[in-house]
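Input: a single structure, listed below in structure tokens.
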Amino acid sequence: MLYSAPKKRIDSLMMTQAASSPFPVSENVSHMKPSSTLAAMQAAEALRATGANVVDFGAGEPDFDTPENIKRAAAAAMQAGKTKYTPTAGTRELQQSIIDFYQGQFGTLYERSEVMATSGGKQALFNAIVTLINPGDEVIIAKPYWVTFPEIVVFAGGIPVFIDTEENGFVVTAAMIERAITPRTKAVILNSPSNPSGRVIPPAEFQAIMELLADRAVYAISDECYLRFVYPPAEVFSAAVLPANLRKRLCIAGSFSKTYAMTGWRLGYALAPPEWTKAMLKVQSHSTSNPTSIAQWAATEALRGPQESVAAMLAEYTARRAWLLEALRDIPGIRCDEPEGAFYAFPDLRGCMRGEIKTSGEFARRLLEEEQTVVTDGAGFGAEGYVRISYATSMAQLEEGLKRIKRFVERLD
Ligand SMILES: Cc1ncc(COP(=O)(O)O)c(C=O)c1O
């Protein structure tokens, strides 16, 4: 016989539900701020939907299409029925291609037990932080930082400890980190080239940081998402090249998203000592299981196939960077250091803020309203007074957008 709940009980259940709304978001998540970079994207989208001619410098993704050989590898994998679950750490082929890449580029031979594929670099960071951080642990993060770092730390119950790096042109040093270390410091998150500043930690400084952390038994998470987009004379550098004793407490988070214009494929990886990797695999096995199987085959081809597309994208970014820097510096009051990597300019606008515009947030909001141009407020990255301009967009868009920014700033006079 079917159980039928008495009407009175149903009524009271419905009342309980109504009384408990709005949704009782968990403590962990209620402390999380929505991503300010995604907020900029949504604002652009909303404006575009009204038919406005929007220039969007908000996007943190390449404007290039995924290279053909990579797309073909995914299609072939699909046709061949490679559409099932894979091992949590990724297919053997993908693991091996990551190992081969690091050995070829940086001369370091990782074991399979130290390599796992993830659903984007973001999941590698998430896995690394939640497996390491206990409530109350301090995690040092240099400003300006990629918005997701402190949010994952807080989610894990940790305490982000921010350090100012403006005095050194936004390049963190070992001395700065040393001043911030306390007995509660568990880890430092490093990101070079940096999103949003585009600055690069010079290899010798990176090594000095890692020596300091090894001395103090502090862990390091190195986000190398923009590893291969570096403009000479800055050098491509991975923490993977460091001697083994400096990698004992290191997790590298890598990504296919930017290097191969594969943002939507959601493929990244983590390289970490076996015990750390084992813990990360446990988390991943209970969350996403494994990155999408066909995306893994595409990523394997990305690493094993021709690399001309990476060089071509870098050449294009190099040309755009040169043009953009000149155009920005041509606007009175704007100061902009040269980005050495990634594809963002991070201009200081404090010299052109006037009247009602006292913050970079207000600047970005008014620029969107009056000139339909999207830039990302630096305050979200911990750098009030700055905005991030992505040049992962066409020269035509750069030219139009810079014309608008100039017009907007001139109107402020
Ligand atoms: C600094 C940094 N790290 C990691 C990521 C994550 O990239 P994905 O999850 O697409 O691999 C991004 C993406 O914007 C980033 O800018």
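Condition first: outside any loop (DSSP other than H, G, I, E, B) and either out of contact with any Asp or Glu (no Cβ under 8 Å at 6 or more places or on another chain) or under 13 Å from Ala392 (Cβ atoms) (or both). Now tell me which residues in region 332-345 satisfy that. Step through it out loud before you land on a result.
Going residue by residue through region 332-345, those that are outside any loop (DSSP other than H, G, I, E, B) are 335, 341, 344-345.
Answer for region 332-345, where residues must be outside any loop (DSSP other than H, G, I, E, B) and either out of contact with any Asp or Glu (no Cβ under 8 Å at 6 or more places or on another chain) or under 13 Å from Ala392 (Cβ atoms) (or both): Gly341, Tyr344, Ala345.
May I ask you to verify whether Ala49 is away from the ligand (no atom under 16 Å from the Cβ) and assigned by TED's automatic domain parsing to the domain that holds Arg404? Steps first, answer last, please.
Numbers: away from the ligand (no atom under 16 Å from the Cβ): yes; assigned by TED's automatic domain parsing to the domain that holds Arg404: yes.
Considered against the rule, which asks whether it is away from the ligand (no atom under 16 Å from the Cβ) and assigned by TED's automatic domain parsing to the domain that holds Arg404, Ala49 comes out as yes.
Scanning region 239-270 for residues that are part of a loop (DSSP other than H, G, I, E, B), within 14 Å of the ligand (Cβ to nearest atom) and of a type outside the set (D, E, K, R), which turns out nearest to Gln296 (Cα to Cα)?
The initial filter retains those residues of region 239-270 that are part of a loop (DSSP other than H, G, I, E, B), namely 242-243, 247-249, 256-262, 266-267.
When the remaining residues are screened for being within 14 Å of the ligand (Cβ to nearest atom), the result is 256-262, 266-267.
From the residues that got through so far, the ones that are of a type outside the set (D, E, K, R) too are 256-257, 259-262, 267.
Values: Phe256: 10, Ser257: 12, Thr259: 15, Tyr260: 13, Ala261: 15, Met262: 11, Leu267: 7 Å.
If we take residues in region 239-270 being part of a loop (DSSP other than H, G, I, E, B), within 14 Å of the ligand (Cβ to nearest atom) and of a type outside the set (D, E, K, R), then Leu267 is nearest to Gln296 (Cα to Cα).
Given the options Arg354, Arg365, Arg329, name the one that is modelled with pLDDT under 95, over 21 Å from the mean Cα position of the chain (by Cα) and within 18 Å of Met395 (Cα to Cα).
Result of the check over Arg354, Arg365, Arg329: Arg329.
Residue by residue through region 141-187, note down the ones that are in a strand (DSSP E or B), within 28 Å of Glu61 (Cβ to Cβ) and in contact (Cβ under 8 Å) with a residue 40 or more places away in the chain.
Ile141, Ala142, Phe162, Ala187
Can you tell me which of Val29, Val54 is more than 19 Å from the chain's Cα centre (by Cα), touching a residue at least 24 places away in the same chain (Cβ under 8 Å) and over 22 Å from Asp377 (Cβ atoms)? Outline the logic, then answer.
Numbers: Val54 fails: over 22 Å from Asp377 (Cβ atoms).
The match here is Val29.
What number of residues within region 239-253 are more than 18 Å from Ala187 (Cα to Cα) and in contact (Cβ under 8 Å) with a residue 12 or more places away in the chain?
Qualifying residue count, region 239-253: 1.
Does Thr288 qualify as being within 14 Å of the ligand (Cβ to nearest atom) and either within 21 Å of the chain's Cα centre (by Cα) or farther than 14 Å from Gln123 by Cβ (or both)? If you could, list the steps in order and put the result at the bottom.
Values: within 14 Å of the ligand (Cβ to nearest atom): yes; either within 21 Å of the chain's Cα centre (by Cα) or farther than 14 Å from Gln123 by Cβ (or both): yes.
Spelling it out, Thr288 is indeed within 14 Å of the ligand (Cβ to nearest atom) and either within 21 Å of the chain's Cα centre (by Cα) or farther than 14 Å from Gln123 by Cβ (or both).
Find the residue count for region 354-369, including only residues that are in contact (Cβ under 8 Å) with a residue 40 or more places away in the chain and not basic (Lys, Arg). Walk me through how you get there before you give the answer.
Taking region 354-369 first, the residues in contact (Cβ under 8 Å) with a residue 40 or more places away in the chain are 354-355, 357, 364, 366-368.
Checking the rest, the ones that are also not basic (Lys, Arg) come to 355, 357, 364, 367-368.
The qualifying residues number 5.
Counting only residues that are modelled with pLDDT under 95 and farther than 24 Å from Leu227 by Cβ, give me the helices (runs of 4 or more DSSP H) lying completely in region 24-115 with at least 1 of them. First the steps, then the outcome.
Working: elements: 27-30, 36-49, 68-79, 92-106.
Because the criterion is at least 1 residues that are modelled with pLDDT under 95 and farther than 24 Å from Leu227 by Cβ, the helices (runs of 4 or more DSSP H) in region 24-115 that meet it are 27-30, 36-49.
Looking at Glu340, Glu275, which one is of a type in the set (D, E, K, R) and either crowded, with 18+ Cβ neighbours inside 10 Å or in contact with a Pro (Cβ under 8 Å, 6 or more places away or on another chain) (or both)? Even if it seems obvious, please write down each step before you answer.
Values: Glu275 fails: either crowded, with 18+ Cβ neighbours inside 10 Å or in contact with a Pro (Cβ under 8 Å, 6 or more places away or on another chain) (or both).
Exactly one residue qualifies, and that residue is Glu340.
The values are calculated or read from the model by the stated rules, or taken from the named source; none is laboratory data. If you're wondering where the values come from, they're calculated on a predicted model, not measured in any experiment. Cβ coordinates were reconstructed from backbone atoms using ideal geometry, including for glycine residues, and neighbour counts include every protein chain displayed.
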